[in-house]
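**Student:** Have a look at this one.
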Amino acid sequence: MTAPQKTNRPLLVSLASYAVFAWGLGTIIYSFTGVYSEYGNLYSAMNVLCIIILFASLAGVLNMERWGPRLYALMMFIKWGADYYYNAFSFWELLLIVPLVIFWWERKKFK
């Protein structure tokens, strides 16, 4: 059996990823309270699906794969578009760009 390969992940990348994961988990739990019911059932399902795919992108980011930040950016814009379409956009979600800036800043360390 081989030992797991150690990645040289910058601390900021780790912290940003964990923060997005905590936000996403909180949003998924919050959606079960019925707060998004005014936007319809389809919005709640699409919102959770976007967050789950964001989680998949974080797996790529934490493994320092180049596809991770790209998928993160794509899903961030899709989520914003869905939020805008359903009139559920919150300016707090613009904070999702902060981790993307961190990932972009460290882009040369991604393999």
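The values are calculated or read from the model by the stated rules, or taken from the named source; none is laboratory data. If you're wondering where the values come from, they're calculated on a predicted model, not measured in any experiment. Virtual Cβ from ideal backbone geometry, glycine too; neighbours counted across all protein chains shown.
**Student:** Could you grab me the full set of residues in region 37-47 that are under 11 Å from Asp83 (Cα atoms) and not small (Gly, Ala, Ser)? Write out each step before concluding.
**Tutor:** Let us first name the residues in region 37-47 that are under 11 Å from Asp83 (Cα atoms), namely 39, 43-44, 46-47.
Those that are under 11 Å from Asp83 (Cα atoms) and not small (Gly, Ala, Ser): Tyr39, Tyr43, Met46, Asn47.
**Student:** Pairs under 6 Å by beta carbon, first residue more than 16 Å from Ser31 (Cβ to Cβ) in region 79-98, partner among the hydrophobic types (A, V, I, L, M, F, W, C) and part of a helix (DSSP H, G or I), six or more apart or different chains?
**Tutor:** Taking only residues 6 or more apart or on different chains, the pairs are Leu96/Met76.
**Student:** I would also like to ask the following. If I go through region 7-37 residue by residue, how many of them are part of a loop (DSSP other than H, G, I, E, B) and closer than 15 Å to Gly60 by Cα?
**Tutor:** Start the filter on region 7-37 by keeping residues that are part of a loop (DSSP other than H, G, I, E, B), which leaves 7-10, 32-36.
Keeping just the survivors that are closer than 15 Å to Gly60 by Cα gives 7-10.
The total comes to 4.
**Student:** When you look at Ser44, is it touching a Phe, Trp or Tyr at 6+ places or on another chain (Cβ under 6 Å), surrounded by 15 or more Cβ atoms within 10 Å (Cβ to Cβ) and over 26 Å from Asn8 (Cα atoms), yes or no?
**Tutor:** Values: touching a Phe, Trp or Tyr at 6+ places or on another chain (Cβ under 6 Å): yes; surrounded by 15 or more Cβ atoms within 10 Å (Cβ to Cβ): yes; over 26 Å from Asn8 (Cα atoms): yes.
It is true that Ser44 is touching a Phe, Trp or Tyr at 6+ places or on another chain (Cβ under 6 Å), surrounded by 15 or more Cβ atoms within 10 Å (Cβ to Cβ) and over 26 Å from Asn8 (Cα atoms).
**Student:** Every residue in region 21-38 that is modelled with pLDDT of 90 or more and either buried (at least 17 other Cβ atoms within 10 Å of the Cβ) or touching a helix residue (DSSP H, G or I) at 6+ places or on another chain (Cβ under 7 Å) (or both), please.
**Tutor:** Those that are modelled with pLDDT of 90 or more and either buried (at least 17 other Cβ atoms within 10 Å of the Cβ) or touching a helix residue (DSSP H, G or I) at 6+ places or on another chain (Cβ under 7 Å) (or both): Phe21, Trp23, Gly24, Thr27, Ile28.
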